[in-house]
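The values are calculated or read from the model by the stated rules, or taken from the named source; none is laboratory data. The structure presented is a predicted model; accordingly, all values stated were derived computationally and were not measured. Here the Cβ positions follow ideal geometry from the backbone for every residue, glycine too, while neighbour counts run over all protein chains shown.
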């Protein structure tokens, strides 16, 4: 069973202004798919906090999912932090998720979301929108175990 950490970046959700529906959905869908949720955090859009939390999460989990902070606003820092920490990008997955999103919403052309490996952990950055998170999760979760097996050097051929 693969371990998952879910991190929501949202100033307003962290302050209790509104409920974090995207993170809650991700916990439910990954639990239902048989993954072990080992971390669930809601933090403000803060580079230092995300940096520390990603260090912790990549030591605990095989997969880290972030939601929020992938747009063009000055507070959208998720992609920047992940790019600084990543060992390498999983370009095929980044492109596939981006293309899928563009088929659902033209607003996806402004997304900086990416997929990367930090340490031996797959990190997938997702938008904060519940609609986008739901669509993307339904698209990639059925195929995720294959990639995680490869990342963990499990021969799947």
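Annotations
- Considering residues of the stretch 1-16 that are assigned to a loop (DSSP other than H, G, I, E, B) and either in contact with a strand residue (DSSP E or B) (Cβ under 9 Å, 6 or more places away or on another chain) or within 19 Å of residue 74 (Cβ to Cβ) (or both) only, the residue modelled with the highest pLDDT: 2
- Restricting 58, 67 to residues that are under 16 Å from residue 133 (Cβ atoms) and under 13 Å from the mean Cα position of the chain (by Cα) narrows the list to 67.
- Matching entry among 81, 90 (being in contact with a helix residue (DSSP H, G or I) (Cβ under 9 Å, 6 or more places away or on another chain) and without any contact (Cβ under 8 Å) to a residue 40 or more places away in the chain): 81
- Sole exception among (1) at pLDDT below 95; (2) part of a helix (DSSP H, G or I); (3) within 18 Å of residue 69 (Cα to Cα) for residue 131, by number: (1)
- Filter result (under 27 Å from residue 72 (Cβ atoms), without any contact (Cβ under 8 Å) to a residue 24 or more places away in the chain and touching a helix residue (DSSP H, G or I) at 6+ places or on another chain (Cβ under 7 Å)) within the stretch 98-157: 98, 102, 109
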